[in-house]
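Structure, as structure tokens:
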Amino acid sequence: MAEDILGQIYKEMGATPVINAMGSVTLLGGSTPKKEVKEAMDRADSAYIHLPHLQEVVGKKIAEYCDVPSAYVTSGAGAALALAGAAFMAGNDDDLIEQLPNTAGMKGEMLIQKCQRYWYDRCVEVSGAKFVEFGDEKEASESDFENAITDQTCGVLWVANEMSPGTVVGNNIMTNPLSLEKVIEIAKKHNIYVLVDAAAQIYPLDILGKYVRMGADAQVVAAKYMGASQSVGLALGTNEMIEKITKQSFTGYEGRRIRGIGRPMKVDRQEIIGVTVAVHEWVTMNHEERLALAEKQSSVMLAPLQNIKGVNAKIINNIIGNQPFGVKVEIDENITGISAEDLVEKLKSLNTPIWTRNGQNHEGNTIKLVPWALNPGEDKIVGESIAKLLQS
């Protein structure tokens, strides 16, 4: 994309647009809705509608697309986590719904494996739920889980990702979390709920809704990864749990005259229609074409980075989850004279800034280039710009 076209409206406002080689990150705007989604959102402008009715109608469609009993559109996966936490504690009791985030007199504790603590579990705490850890930084056992359950436990949060047990994460720690199968088995025995954060688990398609089908009460998804706007997400779950989540809705203030915590988590009618179309497009699209494009963009970024002294660049062959392929660039600072961290900052200071990220924790002196959010032609700009900085 030509520089004078890139983000022109931002330039007119006095803001600086960037080339996004980080992927679908909230920091840079999250996503660009697909053409079909934008068209559907525009069509939704043509009339007003009773939102609880609309949520019920599209919830049934999305549940069908995802092969789960029920679904609810939320303002992002983070909101889905917060609403689910509230639903676990307050259920259908309107007095308790209005009492939150004060959890006095209700089961207000949510369990989580210590080896699964992560940045976004904070979203559950918005509901007022208090996390109680079990196990240690490396693993958790069945007895650890059972011993952590008390009369104050409402549920357990399990975190899904593309990594298998035994993968190096965090501060170079090998983790082996208790499996979801065992978590569900024990939770059901003790009559507590199971919530799964599966925000990015959308491909292969059988992952979408998989954890609900396994027996979890709710699974949250970030719909931005499927071509919806970044401000929408999904709560997938059992009929019972989605009904409880619905009662926390932002529309409850007028519709039910109940002041739940969901009021600040609004979703407009255009977004509700848009995400429904996005999910349908996602489950019916040709994913081979999508993956082929991502691989081609990665190859274009890779080409200028070959045969540079002190640089080892290679394509990432992962196709699981939300952002396939990409390029991993390992840098020998002693030869190139620049660290990955410095390179990331130099890319941000270009006339047209390029945003990427350096390797985290165990990945060492590397940067990762993601093709997910690149406009046509930007893959070439990214690769050549990095090559120029490394060779200078």
Problem set entry | Residue that is surrounded by the most Cβ atoms within 10 Å (Cβ to Cβ), among those in region 172-206 that are in contact (Cβ under 8 Å) with a residue 60 or more places away in the chain, out of contact with any Cys (no Cβ under 7 Å at 6 or more places or on another chain) and outside any loop (DSSP other than H, G, I, E, B) | Leu195
Problem set entry | The listed residue being assigned to a loop (DSSP other than H, G, I, E, B) and without any contact (Cβ under 8 Å) to a residue 40 or more places away in the chain, out of Asp144, Asp136 | Asp136
For this session: Assess whether Tyr72 counts as being part of a helix (DSSP H, G or I), on the phi < 0 side of the Ramachandran plot and not charged (D, E, K, R).
Result: no
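The rows are residues; the columns are (1) outside the structural domain of Gln323 (by TED's automatic domain parsing); (2) more than 27 Å from the chain's Cα centre (by Cα); (3) crowded, with 20+ Cβ neighbours inside 10 Å.
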site	(1), (2), (3)
Glu12	no, yes, no
Ala15	no, no, no
Ile19	no, no, yes
Met22	no, no, yes
Val25	no, no, no
Glu39	yes, no, no
Asp42	yes, no, no
Asp45	yes, yes, no
Exercise. On the given criteria, is Lys60 basic (Lys, Arg), within 18 Å of Gly209 (Cβ to Cβ), modelled with pLDDT of 95 or more and in the same structural domain as Val126 (by TED's automatic domain parsing)?
Worked result: yes
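The rows are residues; the columns are (1) of a type outside the set (Phe, Trp, Tyr); (2) over 25 Å from Glu125 (Cα atoms); (3) over 22 Å from the mean Cα position of the chain (by Cα).
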position: Lys224; (1), (2), (3): yes, no, no
position: Pro264; (1), (2), (3): yes, no, no
position: Gly274; (1), (2), (3): yes, yes, no
position: Leu302; (1), (2), (3): yes, yes, yes
Seminar exercise, completed: With criteria (1) buried (at least 19 other Cβ atoms within 10 Å of the Cβ); (2) farther than 23 Å from Val212 by Cβ; (3) within 17 Å of the chain's Cα centre (by Cα), Ser75 comes up short on (2)
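The values are calculated or read from the model by the stated rules, or taken from the named source; none is laboratory data. Owing to the predicted nature of the structure, the values given are computational and were not obtained by experimental measurement. Note that each Cβ is placed from the backbone with ideal geometry, even for glycine, and that neighbours are counted across all protein chains shown.
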